[in-house]
1. R0 = 22 Å: FRET efficiency of ALA100 with LEU45, Cβ-based, nearest 0.05?
2. Simple spin-label model, 7 Å along Cα-to-Cβ: ALA117 to ARG180 in nm?
3. Going highest first, how would you order 232-238, 190-196 by mean Cβ packing within 10 Å?
4. Between GLN148 and ASP8, what's the calculated FRET efficiency when r is the beta-carbon distance and R0 is 45 Å? Round to 0.05.
5. Just reorder THR46, THR163, THR24 by solvent-accessible area, largest first, 1.4 Å probe, all chains present.
6. State the extension gain, in nm to one decimal, for the chain segment bounded by SER203 and SER126, taking 0.36 nm per residue of separation less the distance between their alpha-carbons.
7. Just the number please: accessible area per residue for the range 154-256, 1.4 Å probe, all protein chains included, in Å².
8. Which trypsin sites (Lys or Arg not before Pro) from the range 92-174 combine a DSSP loop assignment with at most 15 other Cβ atoms within 10 Å?
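The values are calculated or read from the model by the stated rules, or taken from the named source; none is laboratory data. For clarity, every value in this text was computed on a predicted model and none was experimentally measured. Cβ: placed from backbone, ideal geometry, glycine included. Neighbour counts: every protein chain shown. The accessibility values were calculated without ligands, DNA or RNA, using every heavy atom of the protein model including side chains. Shrake-Rupley method; radii C 1.70, N 1.55, O 1.52, S 1.80 Å.
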Amino acid sequence: EEFAHDRDVVASALDAAAAACARTREGKGPEILVKGVKLEVDLALTGDDARKLGQTLTGSQPGQTGQSQGLTAGSKAAGGKFDRRNMYLAKEGFIEEGSAQWMAMSENDRRKRKRAAEEKNEKLKSPNFAVSIIRLAVRNIPPSWDEQKLRAVFIAGVKERATKENPHVKQVKILRDPERTDPGGNPAGKSRGFGFVEFADHSHALAALRQLNNNPKAFGSTERRPIVEFAVDNVKILRSREDKLLKQKQLQRQKKEQQQQQQGAEGAEAAVVGEPDNQQQQQQEVSNDDRWWEEVPDWLKASRQQQQQQ
């Protein structure tokens, strides 16, 4: 009876914790902040439950990992519908108005977040736009920063959240105004404070977003905190770019094969030229023997001829 009572108490506490977590995600409950960073708290899952949840979210089959999980093509949203546009990621980085995090940020950051949300929602009304799973859009980048500095901060952000990970950033781009002079001397112009960071792995992009978004220490300013979200890409432009890269790779491969064939032909020709003709070699050997016989004294020649006649 005592064991059953303890089990009921634990179950009740777990139910209460789950309800509290749900209210926090909906913005109806208090948030847990550590050094200005919002923590996401939820009940732990068993290994089997975690795998089942991952398969439900990504539309993968048991045993599939990495890119084979269909992350690049989309995932299953709630209700089992296949989400080719990754709309489930559109709310990542969103901060609800009136929440503790919203009230702690500057008025300028609030305006930027509202404008960014409006732009994203407008784009996503068109089926030609989709949410990237690896590319992050970043606002409020310090004016003096370059791509190298931004890359280092995002890699550090992933490692702060997942200490054993070794994230790889494929590309970093800061948009610049060529009509305005950069104080740091960058020939591309003054930074617009907006850019993109593309990771090789979705989990690393997600970790960077959750670690750095609205973090007052990330950019060294509480008035201009990082505004990080998954980028919204034009699917048609991306496909056109992929087709162009594919054609370039095919041309490079064909050129390499032609060069190898040409080198092989030249090598065979050189080998043929380098080998002496057998007939010429035999004639050369005979001529060498003739020259040796001519150098023999006449009396020795006569003696040899008499011996052969006998």
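1. With R0 = 22 Å, the Cβ-Cβ based efficiency is 0.20.
2. 2.6 nm
3. 190-196, 232-238
4. Efficiency, rounded to the nearest 0.05: 0.20.
5. THR163, THR46, THR24
6. Using 0.36 nm per residue and subtracting the Cα-Cα distance, I get 25.1 nm.
7. Computed with neighbouring chains in place, this is 62 Å² per residue.
8. Here the trypsin sites (Lys or Arg not before Pro) that fit, given the DSSP loop and packing criteria, are LYS125, LYS164.
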